[in-house]
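What follows is a single structure, written as structure tokens, with notes after it.
The values are calculated or read from the model by the stated rules, or taken from the named source; none is laboratory data. These figures come from a predicted structure and were not determined experimentally. So basically every Cβ, Gly included, is an ideal-geometry build from the backbone, and we count neighbours across all protein chains shown.
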């Protein structure tokens, strides 16, 4: 099956200042993403995520390498490709004095929609993102969450086959971020949309993406599913159990989800694949030994930790 | 171009320009207040100087042309500046559009606004200062209007190229270009009084010829034997060059990452 995204040897550099030296932003990036999946590009700020996604979205031309999206070359077939993909980014920006509906109509027309087809599509999107009550509100008067919903609605105006999402939940409150994640999952599930998203939120990547890749200083340093990466690196959430009278007599290594452990004095430090999933079962096993746990500490594995492991 | 998708893409930019103008108080000022002030101040100055009717007409033609071109080019110049101000440039170019859609869409609104300004100023000139605007006839008026709109399109396209290259910093160019061009083409004075060197520059500005053509109906001599030939041929060449320049700057913007930088 033809990959939805194929990139080989992508390189990009920018000149700093008018006569300044060139700064290499992407180097030899290879990537293949299957159709119908949600793929995450992870990495800290400045890793080259936006540059990479912009090249695939035809907004930037690579200096080196070749990229094909939906079988089309991102440089040579840019016009044809633009009809079949779309983009939503963090910090939604649209013309301030146009209403939600007018902004959607403007972008719909840019994709060649008009008349009844445009009205129907705009109506559908207003319903889908619960923007109907705000359709006559100008963009500048919308809350951050509504702006982001409009950005997602705009990204679906041409019924794309592939969607680029550049940090889609950055700057949103947790509730709205969760709502947007739900929408992304639904779009992938119901419409079979291929989604490439960049994020520096590990939990977001974990909950949304079937597979992720890490970018560091413009290089793709690792890729795989989250469990694969965690297992490969022996990483997981850190769970510390503090006992009243010495650790419970258990073979901690055989407990479900435990990757590594260390017992010391009255404390046992466990590394588990998903603490929130395993905690109850572990405490149940411990309680059967009659040992008394006086304190539980939990530290979830974060991007920085995995990133550190991958890059050092 | 494929219809009707191309038509809707053009309509997108035309509708956006029209909506922004409708909601912008300053746009009303651009179309009514400044042109009105220009006609009053210039007209009253000619009265104070006790100029003969032909000279008054000469100067009023200059004032009408200046404001008509200024307004007509603004919508084109602002077509991308709106996106730069809104930081939405990347979303516009993410869509399968061509430069022609922007130029024709925004340019049409500019043309309509320019025409309205021309009518308002023409009416004020006739009513307040007895200018005989109808003397060149319908054909003369249409040719003059076409010439002015071609010049406005040239300025607008140049500004578009500058916006794609320099972003918001090019904003000032939207006004500066037209003032510079109008200064050189003999707006309020015959080109013959320009200093040597500058006079040659005036010869390569198409508006010089369109002004000369229109004024000859009021008894002012033609400086060139075929003003319309020079005016139209220069306009076509410059428009072609400007279009190529905008295309080049867009290609360069895709290479340099300007579209992304202007959307942050």
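Within the stretch A:142-155, identify whether any single residue is farther than 17 Å from residue A:39 by Cβ, surrounded by fewer than 22 Cβ atoms within 10 Å (Cβ to Cβ), free of Cβ contacts under 8 Å to residues at least 40 places away in the same chain and in contact with a strand residue (DSSP E or B) (Cβ under 8 Å, 6 or more places away or on another chain), and answer yes or no.
Scanning the stretch A:142-155, I find no residue that is farther than 17 Å from residue A:39 by Cβ, surrounded by fewer than 22 Cβ atoms within 10 Å (Cβ to Cβ), free of Cβ contacts under 8 Å to residues at least 40 places away in the same chain and in contact with a strand residue (DSSP E or B) (Cβ under 8 Å, 6 or more places away or on another chain), so the answer is no.
Looking only at the stretch A:4-20, count every residue that is within 14 Å of chain B (Cβ to nearest Cβ) and outside any strand (DSSP E or B) and tell me the total.
Count: 4.
For every residue, the table says whether it meets (1) farther than 17 Å from residue B:247 by Cα; (2) crowded, with 18+ Cβ neighbours inside 10 Å.
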residue: B:147; (1), (2): yes, yes
residue: B:153; (1), (2): no, yes
residue: B:168; (1), (2): yes, no
residue: B:181; (1), (2): yes, yes
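Give just the number: which of (1) within 11 Å of another protein chain (Cβ to nearest Cβ); (2) touching a helix residue (DSSP H, G or I) at 6+ places or on another chain (Cβ under 9 Å) does residue B:73 not satisfy?
(1)
Could you tell me which of the residues A:239, A:229 is more than 30 Å from residue A:7 (Cα to Cα) and either over 20 Å from the mean Cα position of the chain (by Cα) or at pLDDT below 85 (or both)?
The conditions single out A:239.
If I ask for residues that are out of contact with any strand residue (DSSP E or B) (no Cβ under 6 Å at 6 or more places or on another chain) and over 16 Å from residue B:251 (Cβ atoms), which ones from the stretch A:71-85 would you list?
A:71, A:72, A:83, A:84
Could you figure out which of (1) under 15 Å from residue A:220 (Cα atoms); (2) surrounded by fewer than 22 Cβ atoms within 10 Å (Cβ to Cβ) isn't true of residue A:7?
Every listed condition holds for residue A:7 apart from (2).
Condition check ((1) at pLDDT 90 or above; (2) crowded, with 18+ Cβ neighbours inside 10 Å) across all residues:
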position: B:204; (1), (2): yes, no
position: B:211; (1), (2): yes, yes
position: B:224; (1), (2): no, no
position: B:230; (1), (2): yes, yes
position: B:235; (1), (2): yes, yes
position: B:240; (1), (2): yes, no
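Residue check, residue B:151 against (1) within 14 Å of chain A (Cβ to nearest Cβ); (2) assigned to a helix (DSSP H, G or I); (3) at pLDDT 90 or above, all met but one. Which one?
The one condition residue B:151 does not meet is (1).
Filtering the stretch B:78-103 down to residues that are assigned to a loop (DSSP other than H, G, I, E, B) and more than 21 Å from residue B:21 (Cα to Cα), which residue is nearest to the chain's Cα centre (by Cα)?
Applying the filter and picking the extreme gives B:98.
Yes/no per residue for (1) surrounded by fewer than 19 Cβ atoms within 10 Å (Cβ to Cβ); (2) within 11 Å of chain A (Cβ to nearest Cβ); (3) in a helix (DSSP H, G or I):
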{"position": "B:7", "(1), (2), (3)": "yes, yes, yes"}
{"position": "B:13", "(1), (2), (3)": "no, yes, yes"}
{"position": "B:17", "(1), (2), (3)": "no, yes, yes"}
{"position": "B:22", "(1), (2), (3)": "yes, yes, yes"}
{"position": "B:26", "(1), (2), (3)": "yes, no, yes"}
{"position": "B:29", "(1), (2), (3)": "yes, no, yes"}
{"position": "B:35", "(1), (2), (3)": "no, no, yes"}
{"position": "B:40", "(1), (2), (3)": "yes, no, yes"}
{"position": "B:43", "(1), (2), (3)": "no, no, yes"}
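One line per residue, one yes/no per condition, for (1) within 20 Å of residue B:161 (Cβ to Cβ); (2) modelled with pLDDT under 90:
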{"site": "B:2", "(1), (2)": "no, yes"}
{"site": "B:23", "(1), (2)": "no, yes"}
{"site": "B:37", "(1), (2)": "no, no"}
{"site": "B:44", "(1), (2)": "no, no"}
{"site": "B:59", "(1), (2)": "no, no"}
{"site": "B:79", "(1), (2)": "yes, yes"}
{"site": "B:90", "(1), (2)": "yes, no"}
{"site": "B:93", "(1), (2)": "yes, no"}
{"site": "B:96", "(1), (2)": "no, no"}
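For the stretch A:244-256, which positions are assigned to a loop (DSSP other than H, G, I, E, B) and within 16 Å of residue A:272 (Cα to Cα)?
Result: A:250, A:251, A:255, A:256.
Sort out which residues of the stretch A:113-149 are within 11 Å of chain B (Cβ to nearest Cβ) and part of a helix (DSSP H, G or I), and write them in order of number.
A:115, A:117, A:118, A:139, A:140
Based on what the data block shows, is residue A:42 over 23 Å from residue B:9 (Cβ atoms) and in contact with a helix residue (DSSP H, G or I) (Cβ under 7 Å, 6 or more places away or on another chain)?
Criteria met by residue A:42.
Go through (1) in contact with a strand residue (DSSP E or B) (Cβ under 8 Å, 6 or more places away or on another chain); (2) farther than 23 Å from residue A:68 by Cα for residue A:227 and report which single condition fails.
Just one mismatch for residue A:227, condition (1).
Say whether the condition of being within 14 Å of another protein chain (Cβ to nearest Cβ), part of a loop (DSSP other than H, G, I, E, B) and either crowded, with 24+ Cβ neighbours inside 10 Å or touching a residue at least 40 places away in the same chain (Cβ under 8 Å) (or both) is met by at least one residue in the stretch B:104-117.
no
Check A:163, A:196 and return the single one that is more than 15 Å from residue A:42 (Cα to Cα) and crowded, with 18+ Cβ neighbours inside 10 Å.
None of the other options fit; the residue is A:163.
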